[in-house]
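Below: one structure, written as structure tokens.
The values are calculated or read from the model by the stated rules, or taken from the named source; none is laboratory data. Because the structure is predicted, anything quoted here is derived from the model rather than measured. Backbone-built Cβ (ideal geometry, glycine too); neighbour counts: all protein chains shown.
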């Protein structure tokens, strides 16, 4: 589980699984190739049942998916229970925050980024070339929130793509991919600024201790 309820909610709603099941205080997503996070199980609260770990794993195997759990930093009890059941540590997820208003106000070259929905074929091609497969792109299509696909351009060429969805006061960017030959010119910050524009333009309410709108994104592509 994630301590911040806004982050916990947007993690699920901005990149949803195809189906869900629950057992023993855990919820597991049927990812259908949408990535490890959307295919993993998570504790819904502190009252999870360690005996249900095997049941959740059986559900995942029944879906032809690898048994996998998400563990929040500091949840030593769940980490220990999973280790005792034969699980091992995998890839960590980093969450970074920025003020949407500042991102939207930052200068960027004219016609360097666009928000488009549904995504263009060139955006799908950029994602596929970066190992963001159609199964992962399907997670974007399942989102019911305000959403858009970002397209970055450099020298009249498509340079990068990303996906952003807004839930309440949080806009989250996923699937940031930049064409390798153009990474030095385009930079990921152009996608961040375009995503910040969506967050500010959609009237995100202030959030956080500082009273600022927040935007979250995963470090790296999903």
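Please work out which residue is nearest to residue 32 (Cα to Cα), limiting yourself to the stretch 71-98 and to residues that are touching a helix residue (DSSP H, G or I) at 6+ places or on another chain (Cβ under 7 Å) and without any contact (Cβ under 8 Å) to a residue 40 or more places away in the chain.
The qualifying residue nearest to residue 32 (Cα to Cα) is 71.
Within the stretch 89-162, which strands (runs of 3 or more DSSP E) (wholly inside it) include 2 or more residues that are surrounded by fewer than 18 Cβ atoms within 10 Å (Cβ to Cβ)?
95-98, 113-116
When you scan the stretch 15-29, do you find a residue that is out of contact with any helix residue (DSSP H, G or I) (no Cβ under 6 Å at 6 or more places or on another chain), over 26 Å from residue 143 (Cα atoms) and either in contact (Cβ under 8 Å) with a residue 60 or more places away in the chain or surrounded by fewer than 14 Cβ atoms within 10 Å (Cβ to Cβ) (or both), even just one?
No: the stretch 15-29 contains no residue that is out of contact with any helix residue (DSSP H, G or I) (no Cβ under 6 Å at 6 or more places or on another chain), over 26 Å from residue 143 (Cα atoms) and either in contact (Cβ under 8 Å) with a residue 60 or more places away in the chain or surrounded by fewer than 14 Cβ atoms within 10 Å (Cβ to Cβ) (or both).
Could you check residue 34 against (1) without any contact (Cβ under 8 Å) to a residue 60 or more places away in the chain; (2) out of contact with any strand residue (DSSP E or B) (no Cβ under 8 Å at 6 or more places or on another chain) and say which number it fails?
So residue 34 meets the others, but not (1).
Need the failing condition index for residue 11 against (1) assigned to a loop (DSSP other than H, G, I, E, B); (2) modelled with pLDDT under 95; (3) surrounded by 13 or more Cβ atoms within 10 Å (Cβ to Cβ), just the number.
All conditions pass for residue 11, except number (1).
Only one residue in 109, 118, 67 is touching a helix residue (DSSP H, G or I) at 6+ places or on another chain (Cβ under 9 Å), in the same structural domain as residue 137 (by TED's automatic domain parsing) and at pLDDT 95 or above. Which one?
Sole residue among the options that is touching a helix residue (DSSP H, G or I) at 6+ places or on another chain (Cβ under 9 Å), in the same structural domain as residue 137 (by TED's automatic domain parsing) and at pLDDT 95 or above: 118.
I'd like to know if the stretch 35-53 contains one or more residues that are out of contact with any helix residue (DSSP H, G or I) (no Cβ under 8 Å at 6 or more places or on another chain), at pLDDT 95 or above, surrounded by 14 or more Cβ atoms within 10 Å (Cβ to Cβ) and assigned to a helix (DSSP H, G or I).
Within the stretch 35-53 (the criterion being out of contact with any helix residue (DSSP H, G or I) (no Cβ under 8 Å at 6 or more places or on another chain), at pLDDT 95 or above, surrounded by 14 or more Cβ atoms within 10 Å (Cβ to Cβ) and assigned to a helix (DSSP H, G or I)), the answer is yes, since at least one residue qualifies.
Might you let me know whether the stretch 200-215 holds any residue that is crowded, with 20+ Cβ neighbours inside 10 Å, assigned to a loop (DSSP other than H, G, I, E, B) and modelled with pLDDT of 90 or more?
no
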